[in-house]
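Data block below; observations after.
The values are calculated or read from the model by the stated rules, or taken from the named source; none is laboratory data. A quick note: this is a predicted structure, and the numbers were derived from the prediction, not measured. Don't worry about glycine lacking a Cβ; one is built from the backbone with ideal geometry, like all the others, and counts go over all protein chains shown. Calculation scope for accessible area: heavy atoms of the full protein, side chains included, ligands and nucleic acids excluded. Shrake-Rupley method; radii C 1.70, N 1.55, O 1.52, S 1.80 Å.
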Amino acid sequence: MSYNIAVIGGVFGDESKGLVTHRLSPKFDWVARYNGGCQAGHTIYRNGKKYVHNLLPSIDFRISHTKGFIGSGVVIDLEHFAKEIIKAEEDFPNVGKRIYIDPDAFLVLPKHKEEDKLKNGHLGTTNRGIGPAHVDKISRTGFRVKDVILGKETSQKPFYDQLVALGVHFKHILELEDEFKKSNVLMEGAQSVMLDINHGTYPYVSCGDACLSGIYANGFSFIKFDKVYGVAKAYSTRVGLGEFVTEVHGEEAEQLRTLGLEFGATTGRARRIGHLDLPALKYACKKGGIDTLIVAKFDILDGSPTVKVCTEYEKTPVCPADFFDAKPIYEDVQGWNDSHDVSQLKPIIDLIEEKTGYPVEYISCGVEDKDFIKIK
């Protein structure tokens, strides 16, 4: 029997989805990306060295059997992807031979990046061309990877040839259906529910489907999931503009930003800082199809006598509009000195589970393998 899970961003992204995927990936035959593009910055550590994956699934490449799949819901910059694989192969030879791309994925072209810089600055985008690529996709003027293979789009042919030379496979999802069905599959989401185009704080959202429904929308309907993890962290961050109910400023924000290294993996931008927002997390679980939580970065708050947590809003959010001008209600929770001692985290974990209604199965309190701890 196969065992399948999905890892989805719980609130505003940057919650350590890459780290979680990396830690879990040795148990799986496939790690698949189903949304996003090279604006996603998934930071992971192997043997103490930092790696940032934008398009590559966050596989632990030290394990030889796990393969990666890029689904049709990803908008793909072939040039960037080739560079990313070449970089990975410096430490892990033949990574390219373990990667498969669905030819139905749409392309990010140079013109999309230029359009992004000119048109989307007011949204705080990464200027990686993701929005304009989606605009062309929806307006039915976009190009797919398949068009490069067929010679209908020629500017990207050198990068396609480079990927072929690296051993990358180009296979439609249904060509791999039988293998997926008998394999253990981990779905790695990009962005998060609160940045989902349909369910996030529109218009300050990404362009893709970040929820469980997005997995099915992008062709994986034959995969049945045993568990859907939502990843959050012990405080909140947000990159770019948009509503942020629990945001804090000044010295408190700067201290957390520095301790947590809260700077965008893709752009280097300083992330906005806030308190843990349980109403937003509960909303994300309901909208996103999440059934189990993983909470990261407890170590950043080590030594805090108390930790401030938003436990509810004056009005319970049921739609994206409810996050604009929401009034948070806070509770101070007993802090901890050593997040590796799970017993010290019991007050905050109990509160998370009580207020969201979802169990916390794993915690993360650092970047090494030993810091990812199963607690249930």
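One residue alone among Ile63, Ile86, Ile59 is open to solvent by less than 10 Å² (accessible area, probe 1.4 Å) and aliphatic (A, V, I, L, M), and that residue is Ile59.
Residues that are touching a Cys at 6+ places or on another chain (Cβ under 7 Å), surrounded by fewer than 21 Cβ atoms within 10 Å (Cβ to Cβ) and more than 14 Å from Gly357 (Cβ to Cβ) do not occur anywhere in the stretch 307-324. Evaluated against (1) of a type outside the set (Phe, Trp, Tyr); (2) in contact with a strand residue (DSSP E or B) (Cβ under 6 Å, 6 or more places away or on another chain); (3) free of Cβ contacts under 8 Å to residues at least 60 places away in the same chain, Lys87 falls short on exactly one condition, (2).
Results for (1) in contact (Cβ under 8 Å) with a residue 12 or more places away in the chain; (2) open to solvent by 40 Å² or more (accessible area, probe 1.4 Å), shown as yes or no for each residue.
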| residue | (1), (2) |
| --- | --- |
| Leu281 | yes, no |
| Cys285 | yes, no |
| Ala296 | yes, no |
| Pro328 | yes, yes |
| Asn337 | yes, yes |
| Glu354 | no, yes |
| Ser364 | yes, no |
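Among the residues of the stretch 147-168, the ones that are outside any loop (DSSP other than H, G, I, E, B), farther than 20 Å from Ala88 by Cβ, open to solvent by less than 70 Å² (accessible area, probe 1.4 Å) and charged (D, E, K, R) come to 1 in all. Being within 16 Å of the chain's Cα centre (by Cα) and among the charged types (D, E, K, R) is a condition met by no residue of the stretch 300-311.
The residues of the stretch 23-43 that are buried (at least 24 other Cβ atoms within 10 Å of the Cβ), modelled with pLDDT under 95 and either of a type in the set (A, V, I, L, M, F, W, C) or more than 15 Å from Ser213 (Cα to Cα) (or both), listed by number, are Gly37, Cys38, Gln39, Ala40, His42. Note on the stretch 1-18: among residues that are open to solvent by 10 Å² or more (accessible area, probe 1.4 Å) and among the aliphatic types (A, V, I, L, M), the one that is modelled with the lowest pLDDT is Met1.
Listed here are the strands (runs of 3 or more DSSP E) enclosed by the stretch 169-255 that have at least 3 residues being on the phi > 0 side of the Ramachandran plot, and there are none. For the stretch 51-71, residues that are touching a residue at least 24 places away in the same chain (Cβ under 8 Å), out of contact with any helix residue (DSSP H, G or I) (no Cβ under 7 Å at 6 or more places or on another chain) and polar (S, T, N, Q) total 0. For the stretch 286-343, the strands (runs of 3 or more DSSP E) that sit wholly inside it and include 3 or more residues that are closer than 30 Å to Ser213 by Cβ, aliphatic (A, V, I, L, M) and in contact with a helix residue (DSSP H, G or I) (Cβ under 8 Å, 6 or more places away or on another chain) are 292-296.
In this entry, Ala40 passes the filter for residues that are aliphatic (A, V, I, L, M) and in a loop (DSSP other than H, G, I, E, B). Residue count for the stretch 226-255 under the criterion of being over 16 Å from Lys17 (Cα atoms), open to solvent by less than 50 Å² (accessible area, probe 1.4 Å) and at pLDDT below 90: the result is 1.
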